[in-house]
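Taken together, the values in this text are just the output of simple stated rules run on the coordinates, not laboratory data. Computed from a predicted structure; not experimentally measured. For neighbour counting, all protein chains shown are included, and Cβ atoms are generated from backbone atoms with ideal geometry for every residue, glycine included.
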Amino acid sequence: MKHEQITPLPDTALQVSVIDGYADFVKLRKEWQVLERRDPESTVFLTWDWMAQIFRDNLFRWSVIVVRKKGAGDNILCVLPLKYRLHWSTSRKEFQTELEAAGRLLWSEYTGFLCDPAYEAEALIAAADRLAQMPWSKLSMRYVAQHRRCKIFTDALAAKGFSVRFRDYMINNKETNNLLCPQVDLPEDFDTYLNTQISSNTRQKFNRFKRRSLDTGEYRITCTDDTSLEADLEALLTFWKQKWGAQKGDEQAERVAGNYRDVLTAAQRTGTLFMPVLRKGDTPLGALGHVLDVKNGLMHFIVAGRDAAATEGFIGSALHFFSIEWAIRQGYICYDFCHGNEPYKYNYGAQDQDVLYFEARRKELTDDLVFDSICIGEAMRRIETFLSTGKTDRAARACAQFAKIFS
């Protein structure tokens, strides 16, 4: 791929600001969307439309570092959206502000930076310099696919005296590497895909199912629209909870299902949802939720659910093959299984792409550099909890911390 020439900018040519109010974010819409189109490493999860779903519903839990050229009008060079988390340090007995990627407020599959490719290094270093001046104790960014940008950014933080490390992320009793994202490169037609990218055994099973079940009309696949969204979501998430409720516990399963509901609802609002439902007659047997990245030609698989009582063994594969065929017909170039190297994903011809997970920590935890006042509301609620549960020492220490910071 041909890269644009990188034009060095003197420090004085950059202006860095931090916004944390929704009205100010709305004002950035035109500039943000121009940057989306210029950035070859943008994703649907960094678009203004997607972030608007996050920021509107999570006041006082986010900010955005914005880098631009001075006097250049509508010309943003870089944005870094951040999520705030309040942490009580048991060792230091104080509240600390921790940062993550803002996209994780909506369980975004990928996070990172939007950058103008012509000024990438200068803008990322400027963003890191501004971040270093902000009060926080730890920054963690997970699921960043932008390796080069991560290197530039973390090197800049390390140069400012922060300790930086890249982490592994294993789940399912350390059986699944959640930093591997199996992806299927899609050819120009579905027959080519079937004949060249999956095994003959898998291809024969699919063709047999299609001939005996779909072509006869005994089973059919419908796609969710505005009129069917609620019913289809309910079916998918009910199936998902049937499978995972016993393992995760009902409370956690309900919470995670709620997160999936938020993601897929946001996708529907932004016109990026693709959700096929397999039915026998009018009865749903399973469904898949996807988020579409139209600009980059990617279909991101988010969640699956199937009726635990159904005896049909082809539910998941039928829906994935249907989705892949639809994506190819629409001109998409990649079917992305997203996080986790579960074995079944490779039956569809997927190859691993890796994402990064890094942490940066402040070495000197002074009072004025560990707590951001944007977290004060949540801190007051936590102090109320301390008092109501008899943790009066914690409440007193927190009040003393704030008296010292704000006096």
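Computed values, structure above
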read-out	value
Amide H contacts under 5 Å for GLY286, placed H, 5+ residues apart	LEU278, ASP307
Debye, to nearest 20: dipole size of the chain, +1 on Lys, Arg Cβ, -1 on Asp, Glu Cβ	800
Stretchable slack from ILE376 to ASP191, in nm (0.36 nm times residue separation minus alpha-carbon distance)	60.8 nm
Projected label distance in nm at ASP282 and TRP107, using a 7 Å step from Cα toward the beta-carbon	3.0
Within straight-line cross-link reach of LYS210, lysines at Cα separation under 27 Å, skipping those fewer than 8 residues along the same chain	LYS243, LYS280, LYS345
Check: the stretch 181-353 dipole with +1 on Lys, Arg Cβ and -1 on Asp, Glu Cβ, in debye	460
Theoretical gain in end-to-end length, THR227 to GLU175 [0.36 nm per residue, Cα-Cα removed]	14.8 nm
Helix-derived mean residue ellipticity, 222 nm - over the chain, DSSP H n ≥ 4, -39500 (n - 2.57), to 500	-12000 deg cm²/dmol
Nitroxide proxy distance, nm - points 7 Å out along Cα→Cβ at ASN58 and VAL34	2.7
Flagged links, alpha-carbon separation over 19 Å, of LYS83/LYS391; LYS70/LYS295; LYS93/LYS138	LYS83/LYS391; LYS70/LYS295
Between the stretch 244-309 and the stretch 175-243, the Cα center-to-center distance that results, in Å	12
Cβ-based exposure ranking for VAL66, VAL144, VAL34, VAL303, in which fewest neighbours within 10 Å come first	VAL34, VAL144, VAL303, VAL66
For the stretch 181-353, convex hull of alpha carbons as volume per residue, Å³	119
Degrees separating the helix 250-269 axis from the principal Cα axis of the chain, which is the longest one	80
Listed residues GLY297, VAL256, ILE198: farthest to the positive end of the dipole of the stretch 181-353 (Cβ charges)	ILE198
3J(HN,Hα) from dihedral phi, the stretch 145-158, Karplus parametrisation 6.51/-1.76/1.60, rounded to Hz, x for glycine, proline	8, 9, 4, 4, 5, 4, 4, 4, 5, 5, 4, 5, 5, 4
